[in-house]
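The values are calculated or read from the model by the stated rules, or taken from the named source; none is laboratory data. For clarity, every value in this text was computed on a predicted model and none was experimentally measured. Glycine also receives a Cβ, built like all others from the backbone with ideal geometry; neighbour counts cover every protein chain displayed. We work out accessible area using only protein heavy atoms, side chains counted, and drop any ligands, DNA or RNA first. Shrake-Rupley method; radii C 1.70, N 1.55, O 1.52, S 1.80 Å.
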Amino acid sequence: GVAVMSTMPMTGDFVRESLELHLFWARIVKEHLIFLEAGFMCKDGNWIQEADALKCQFEEILHEANCLADGKVSLEVMRMGELFTNKTLKAEQKTQELTCIPINYQLTLETMSLHPYMGASVGMASWEQGIVEQVYALNERAYACACAVYAFTERALQEILKCCMASHNFPSLYEHQLKETEMYMKQIQRLQRHEHMDPTLHMVEMQRFWDDIMKEHAVTISKLLDPKEKAMSARADQFAALYEQLLAQLGQGIVPPQNLRRITNETIGVTEEFKEFKAAGTEAILCCRLRSLILPLLADHVLREAIHYLRILGIPLPEFKGGKG
């Protein structure tokens, strides 16, 4: 409860990290629901309605995160493009036009108008108490909603695997979304418990997670392109192979620090290229120059995930193990 929580030492980091987490992930999960909704058959109206209701819950979470975040998220996160790209609004509008699924792009405008935290003279301490409790409550709500989305996605997947329901989305897409929802849930729980992971272990965990996600993006892009888009499809397959190699280097997750530095630098190189590939693909889809089954918002969605991953990869690792500060 809040009472217990108030006695914990709280830092501005808790507020900032929580809000940055929701500004990225609540949007991602909301979009997952749009993609599921777009993939269901007309006869499965109850599934479509349930996906839409969950989407609305995540729109509320994103709106609340927007309301709390002004002046509290880092400039880097605002600038990177992981919260929105220069294509997000256009991709949302075009996707709504193509699918008739309502997409609240007011939320994108809200996020675009946020001011970053500039280390104001007031300092983080001044927004401690009231806002810490609001953020703590937002984390709890987001966690509960993510659990509901996880259960819904799993139920839909089971129906599809039993051939009781058809979907325009591959079963793998459902599994992919489950992994991402689970990562979001795990990160909310860590914030709520104030768990701080060893930065090196955290970096290895993030790379094992995101390399797998990026590999799946590459494979799926290749499969969703029209058979005539041979060059683009071959390039996507190359990216899948590169991430496969990076995953092999990380092995079971026990990586000597000097190796981790080398692998991280290699991963940054591959991910920079993959980001460019995704950005070009998104642009081509928006300009109607690419034959595919990829919705414009899906293209922008996977682009933002690559940008988010690049920011994580750029977080410097400590020089030495052990020793505080």
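One table, with the values for the structure above:
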| item | result |
| --- | --- |
| Surface accessible to a 1.4 Å probe, per residue, for the residues of the chain, Å² | 47 |
| Dipole of the chain [Lys/Arg +1, Asp/Glu -1 at C-beta], most positive-end residue of Leu286, Leu21, Ala236 | Ala236 |
| Interchain or long-range residues, amide H under 5 Å from Ser292's placed H | Asp226 |
| Under-5 Å amide H pairs with Val73, H placed in peptide plane, nonlocal only | Tyr117 |
| Among the listed pairs Lys55/Lys230; Lys228/Lys275; Lys94/Lys162, those beyond 29 Å (Cα-Cα) | Lys55/Lys230; Lys94/Lys162 |
| Pair-distance profile P(r), taking every C-alpha pair of the chain, with 10 angstrom steps and integer % | 5, 25, 34, 25, 9, 1, 0 |
| Separation of the Cys147 and Gln249 label points, Cα + 7 Å toward Cβ, nm | 3.9 |
| Dipole magnitude (debye, nearest 20) for the range 158-269, charges at Cβ of Lys, Arg, Asp, Glu | 100 |
| Debye log10 I(q)/I(0) for the range 206-304, one point scatterer per Cα, at q = 0.16, 0.20 Å⁻¹ | -0.66, -0.93 |
| Euclidean distance of C-alpha centroids, the range 235-253 and the range 256-322, integer Å | 13 |
| Karplus-derived HN-Hα couplings along the range 159-172 (A = 6.51, B = -1.76, C = 1.60, θ = phi - 60°), whole Hz, x at Gly and Pro | 4, 5, 5, 8, 6, 9, 8, 9, 8, 7, 9, 4, x, 4 |
| Karplus (6.51, -1.76, 1.60) ³J(HN,Hα), θ = phi - 60°, over the range 217-230, in Hz, Gly and Pro reported as x | 4, 4, 4, 5, 4, 4, 6, 8, 7, 4, x, 6, 7, 5 |
| Computed magnitude of the charge dipole of the chain (debye, nearest 20; Cβ of K, R +1, Cβ of D, E -1) | 560 |
| Portion, in percent, of the accessible area of the chain that falls on carbon or sulfur, probe 1.4 Å | 58 |
| Under the Karplus curve 6.51 cos²θ - 1.76 cosθ + 1.60, θ = phi - 60°, whole-Hz ³J(HN,Hα) for the range 184-200, x wherever Gly or Pro sits | 4, 4, 4, 6, 5, 4, 4, 5, 5, 8, 6, 7, 10, 8, 4, x, 5 |
| 23 Å tail of the calculated P(r), the range 130-258, as % of Cα pairs | 52 |
| Built amide H within the under 5 Å cut-off of Ser167, gap 5+ | none |
